[in-house]
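Chemist: Sharing a structure below in structure tokens format, with a few things to ask.
The values are calculated or read from the model by the stated rules, or taken from the named source; none is laboratory data. Computed from a predicted structure; not experimentally measured. Cβ placement follows ideal geometry from the backbone for every residue including glycine, while neighbour counts extend to all protein chains displayed. Ligands, DNA and RNA are stripped out before the accessible areas are found, and what is left, the full protein with its side chains, is counted by its heavy atoms. Shrake-Rupley method; radii C 1.70, N 1.55, O 1.52, S 1.80 Å.
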Amino acid sequence: MKKCILIIVLFSLISACNKNNQDDGISAYKNKDYITAFALSEKGCRKKNGEACYILANIYYMGLSHHIDHVKAARYYIISCEIGNGRACYMMGKLYSESRIIPEDIDQSEAYYRKSNKILTKECNSGNPESCLYAGALYLYSRGVPHDTSKAVSFFEKSCKMDYASGCYTIGYLLNTGRYGIIKNHDMAASYLNKACRLGYKEACK
């Protein structure tokens with residue numbers, strides 16, 4: 001009986017440790033500790049953690065702790081997308097449309113954007129503000145879905161309500177400039193931009 005209890009306790013500790021390692025990779029990335037984030041997300045990705053693979057791809061894509069390597073970034077975005085990460089699918093759509101590191105392929109780009117749409121909506125509704133931002137971008141720029149300003153704004157608002165600075169800045173910028181058919185509203189724009197500034201988005205403070 002004691003042996004069984006010991007095994008259960010050890011299994012629980014191992015499971016908790018693995019979970020913390022994956023979580024720590026995400027936390028380290030959010031805290032801009034990219035060296036730690038790289039090490040932990042690399043381990044998490046090997047264990048098929050889609051978020052860890054996405055973080056690893058971002059680190060390679062932007063050169064956050066290692067030199068920029070867009071080929072490796074694309075590899076990890078694909079893995080993350082296949083696991084079910086909507087933002088990684090979105091990034092593959094972006095890469096195929098830019099033709100910077102892989103040959104331009106509009107059909108592949110649109111396919112990845114369409115795949116990302118449902119996943120991003122689900123992630124947004126589950127409380128991921130970055131996914132809300134990406135979902136809004138799909139509708140704003142007609143990527144894999146028809147242009148729909150109303151839906152775009154709705155997603156950006158959700159992102160901002162979750163205190164995501166980029167979401168607040170995006171909707172503030174659109175209301176301030178009136179781009180993409182959005183009616184200008186300088187008072188509302190100022191409110192969103194001020195919030196973005198308070199959340200640390202420096203461009204919004206100008």
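Chemist: Which residues, taken from the range 46-59, are part of a helix (DSSP H, G or I) and not aliphatic (A, V, I, L, M)?
Modeler: Arg46, Gly50, Glu51, Cys53, Tyr54, Asn58
Chemist: Taking the range 100-109 only, how many residues are aliphatic (A, V, I, L, M) and assigned to a helix (DSSP H, G or I)?
Modeler: Qualifying residue count for the region: 1.
Chemist: Going through the range 78-109 one residue at a time, which ones are out of contact with any helix residue (DSSP H, G or I) (no Cβ under 7 Å at 6 or more places or on another chain) and closer than 24 Å to Lys151 by Cα?
Modeler: Passing the criteria: Lys94, Asp107.
Chemist: Looking at (1) more than 22 Å from Ser131 (Cα to Cα); (2) part of a loop (DSSP other than H, G, I, E, B), which is the only condition Lys43 fails?
Modeler: (2)
Chemist: Among the residues of the range 68-85, what is the count of those that are farther than 17 Å from Lys43 by Cα and at pLDDT below 95?
Modeler: The number of residues fulfilling the criteria is 5.
Chemist: For the range 91-109: of the residues being among the polar types (S, T, N, Q) and in contact with a Phe, Trp or Tyr (Cβ under 8 Å, 6 or more places away or on another chain), which is least open to solvent (accessible area, probe 1.4 Å)?
Modeler: Applying the first criterion (among the polar types (S, T, N, Q)) to the range 91-109 yields 97, 99, 108-109.
Then drop every residue that is not in contact with a Phe, Trp or Tyr (Cβ under 8 Å, 6 or more places away or on another chain), which leaves 108-109.
Details: Gln108: 73, Ser109: 3 Å².
Filtering the range 91-109 for residues that are among the polar types (S, T, N, Q) and in contact with a Phe, Trp or Tyr (Cβ under 8 Å, 6 or more places away or on another chain), the one least open to solvent (accessible area, probe 1.4 Å) comes out as Ser109.
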